[in-house]
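Comments concern the structure below.
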Amino acid sequence: VVLQEKPDYILVYGDTNTTLAGALVASKIKLPIAHIEAGIRMFPKDMPEEINRVLVDRISAKLFCASNLGIENLSKEGITNGVLFSGDVMYDVFKKMQPHFDYSTLAKHQLKENNFVVVTLHRDYNVDVAEKLQSILQQLNKVAAAYPVLFSVHPRTRKRIAEFGLEALTQKLTLLEPLGYFEMMGLIAASRNIITDSGGLQKESYFAGKQAVVVMPDTGWQELVDRQINVLSTPEAIYEKWENLSPAHFEQNIYGKADAAEIIAANL
């Protein structure tokens, strides 16, 4: 396709396997690569996403960073040419779609605004080990004693709950099927706060002015943890971290002004 279309650039996003594949295609036929969401770094270093993003950053001609931390990370690795703070295209989407957010789930479950907690969990290290998943569900039950917990259950997580015989621990939680973007953003915007291991959702929570307990050993969005907007947690410490969330100052424009796409297009 690339040989047939003869583009000027190959534009790749984030850190998926297709991101690396697109970058390799471009590099082999000597086309410049533009990497959107460049400069993110996190542990463990052997996770697939980290390998992909590090390799793509090495061979990109233009590196568009969602935050200033991305620029700092690249600079530490000696990458300074072609690096630009663009802001985050995910924030562009959030602001553009905000008028269309779907709040019907609140009425369906008789929820009051700012009076419930949204949960999503799907990562293998959280849900594929019976003891870890059991601990997480026990922690969520503690949260549910204080506020309703709406748990949008990933198919992988639902399968493991059944496989490990942990259904009894979900009785006090409101289990939802996976939600589309508009429904999930409506829930996030109306929630008290969020518990998640999603890379995107921890950032979208910030867009909505909400704090998140991030059930991960590290995060690609360290700037939110550094500003005490979000907090990292182990499965065993979820309730403690959630209970001790202190009101944060939400610094504006960490990820730009919702004009990232314009900045990237103009630069290209």
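In terms of Cα to Cα distance under 22 Å, which lysines are near enough to Lys203, apart from those fewer than 8 places away along the same chain? Cross-link targets: Lys45, Lys95, Lys96, Lys241, Lys257.
Charge dipole (Cα centre; +1 on Lys/Arg Cβ, -1 on Asp/Glu Cβ; no other charges) of the chain amounts to roughly 200 debye. Size check on segment 23-63: the Cα extents along the three principal axes, sorted descending, read 31, 16, 11 Å.
Principal-axis analysis of the Cα atoms of the chain puts helix 17-28 at an angle of about 0° to the longest axis. Across the alpha-carbon atoms of segment 1-99, the computed radius of gyration and Dmax are 13.8, 43 angstrom. Dividing the helix sum by the residues of the chain, where each DSSP H run of 4 or more adds -39500 (n - 2.57), gives a mean residue ellipticity at 222 nm of -12000 deg cm²/dmol.
Each peptide among 147-155, 259-267 gets the average number of other Cβ atoms lying within 10 Å of its residues, and from highest to lowest they stand as 147-155, 259-267. Over all distinct Cα-Cα pairs of segment 89-166, the Kirkwood formula returns a hydrodynamic radius of 14.5 Å. Dipole orientation for the chain: of the candidates Gly186, Asn73, Leu232, Gly186 has the Cα lying most toward the positive pole (charges on Cβ; Lys, Arg +1; Asp, Glu -1). Between Gln252 and Glu113, the simple spin-label model (points 7 angstrom out along Cα→Cβ) gives 2.0 nm. Take the chain with all the other protein chains still there, run a 1.4 Å probe, and you get 49 Å² of accessible area per residue. Taken about its Cα centre, segment 38-78 carries a charge dipole of roughly 100 debye when the Cβ of each Lys and Arg holds +1 and the Cβ of each Asp and Glu holds -1. Would you be so kind as to identify which of Gln252, Ala26, Val117 lies farthest towards the positive end of the dipole of the chain, taking Lys and Arg as +1 and Asp and Glu as -1 on Cβ and the Cα centre as origin? Towards the positive end, the residue furthest out is Val117.
Look at the Cα gyration tensor of the chain: its axes a ≥ b ≥ c give a/c of at least 1.5 with a/b over b/c, and that counts as prolate.
Couplings 3J(HN,Hα) of segment 98-113, computed from phi: 3, x, 9, 4, 9, 9, 5, 4, 4, 5, 4, 10, 6, 9, 9, 4 Hz, in residue order, whole Hz [Karplus 6.51 cos²θ - 1.76 cosθ + 1.60, θ = phi - 60°; x for Gly and Pro].
The residues neighbouring Asp88, those whose beta-carbon lies less than 12 Å from its own, together hold a net charge of -2 under the Lys/Arg +1, Asp/Glu -1 convention.
Each part reduced to its alpha carbon centroid, segment 79-109 and segment 16-39 end up 23 Å apart. For the chain, the carbon plus sulfur part of the accessible surface works out to 53%, probe radius 1.4 Å. In this rough spin-label picture, where each label sits 7 Å from Cα along the Cβ direction, the Thr234-Asn68 distance is 3.4 nm. Averaged over residues, the count of other Cβ atoms within 10 Å places the peptides 118-124, 55-61 in the sequence 118-124, 55-61, highest first. Note on segment 34-185: Cα convex hull, mean projected area over all directions, 11.2 nm². Note on segment 58-211: with charges restricted to the Cβ of Lys and Arg (+1) and Asp and Glu (-1), its dipole about the Cα centre is near 120 debye.
The values are calculated or read from the model by the stated rules, or taken from the named source; none is laboratory data. Only a predicted model underlies this, so the values are computations on that prediction, with no experimental measurement involved. Glycine gets a Cβ as well: all are built from the backbone with ideal geometry, and neighbour counts include every protein chain shown. These area figures cover heavy atoms from the full protein model, side chains too; ligands, DNA and RNA do not enter into them. Shrake-Rupley method; radii C 1.70, N 1.55, O 1.52, S 1.80 Å.
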